[in-house]
Amino acid sequence: MSSLAASDQHAALTPAKVIQPAWVRTVHWINAVAIVLMIMSGWQIYNASPLFDFKFSSNITLGGWLGGALLWHFAAMWLLMVNGLIYLTLGFATGRFRKKLLPITPAGVIADTKAALTFNLSHDDLSKYNNVQKLLYAGIIVVGIVIVLSGLSIWKPVQLQYLTALFGGYDVARYVHFICMAAICAFLLVHVALALLVPKSLRAMIIGR
Ligand code: HEM
């Protein structure tokens, strides 16, 4: 935690200082719903023809069988793609990506990783991301784009054959799609754990709730 006294922290984080604008919170939660549906239906699709030597438990899959899972996957796909396009468009148009996610420097990432591991990371201004956060957020946006493109290339490998070829063919695109899913799951574990670790009182001051 910072060296600021509790009262100073309170003053610095009045409800007026809302970190995330309304549009970011809206697309974030729509995205959360879409991603959970995509992951759970994806696991059911995977179970019909596993790439590796394991299957996902039916308690955590969606759709009941391959056909049902594909219906869920393609329905949630539209939600994810439309919402994702709105997010990317607004992120670039409002300058949010440039302001929040840049610059990311290797030296900054190393310094902030060291600081985090030794519990010396500054939390004085939560509206500014540290270099590790910037790298992870920028990285997960790229993973999001790759999972959509690889998904499109295994959905329509004939119509979108150039895209499929770009991935090295259907089989490779399928592995890429799966690995992106695994990266998103790993990101979500850390992201949700950290969100839960931020004290409720502090969160109320940050987002005005
Ligand atoms: C929006 C774009 C997406 C499209 C068009 C799409 C399309 C597809 C298709 C066609 C399959 C079936 C592959 C096969 O027949 O083997 C599939 C499988 C799968 N999808 Fe997606 N998907 C998309 C996004 C996502 C997202 C966002 C996730 C998770 C975060 C995801 C997770 C999975 C998983 C885990 C599988 C099973 C992998 C396999 O065994 O091949 N997909 N997807």
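The values are calculated or read from the model by the stated rules, or taken from the named source; none is laboratory data. This one's a predicted model, so the numbers in the text were calculated from it and none came from an experiment. Heads up, the Cβs are rebuilt from the backbone with ideal geometry, glycines too, and the neighbour counts pull from every protein chain shown. Keep in mind that these areas ignore ligands, DNA and RNA; they rest on the heavy atoms of the full protein, side chains included. Shrake-Rupley method; radii C 1.70, N 1.55, O 1.52, S 1.80 Å.
Given axes a ≥ b ≥ c from the Cα gyration tensor, I'd like to know whether the chain is rounded (a/c under 1.5), prolate (a/b larger than b/c) or oblate. List each step's numbers first, then the result.
Values: a/c = 2.04, a/b = 1.93, b/c = 1.05.
Judged from the Cα gyration tensor, the chain comes out prolate (a/c at least 1.5, a/b above b/c).
For the chain, modelled as a Gaussian network with Cα springs under 10 Å, which listed residue fluctuates most, A34, A22, A76? Taking springs between Cα atoms under 10 Å, the residue moving most is A22. Computed with a 1.4 Å probe on the full set of protein chains, the accessible area for S127 sits at about 30 Å².
Order these peptides, 129-138, 77-86, by their mean beta-carbon neighbour count within 10 angstrom, highest first. Show your work: numbers first, answer last.
Numbers: 129-138: 17.8, 77-86: 15.5.
My ranking of the peptides, most packed first, is 129-138, 77-86.
In the context of the full set of protein chains, residues of the chain present 62 Å² of accessible surface per residue (probe radius 1.4 Å, heavy atoms only). Using the rule -39500 (n - 2.57) for each DSSP H run of four or more residues, divided by the residues of the chain, the 222 nm mean residue ellipticity is -23500 deg cm²/dmol. Sorting 66-73, 38-45, 182-189 by their mean Cβ neighbour count within 10 Å, with the most densely packed peptide first, gives 38-45, 66-73, 182-189. In order along region 164-177, the Karplus-derived 3J(HN,Hα) couplings, from 6.51 cos²θ - 1.76 cosθ + 1.60 at θ = phi - 60°, round to 4, 5, 4, 7, x, x, 4, 4, 5, 4, 5, 5, 4, 4 Hz, and Gly and Pro are given as x. A 1.4 Å probe, protein heavy atoms only, puts the accessible area of F54 near 90 Å².
Solvent-accessible surface (1.4 Å probe) assigned to T89 amounts to roughly 90 Å². Applying 1/(1 + (r/R0)^6) with r as the Cβ-Cβ distance of F187 and Q161 and R0 = 22 angstrom yields a FRET efficiency of 0.10. Heavy-atom accessible area with a 1.4 Å probe sorts D112, D124, D53, largest first, into D53, D124, D112.
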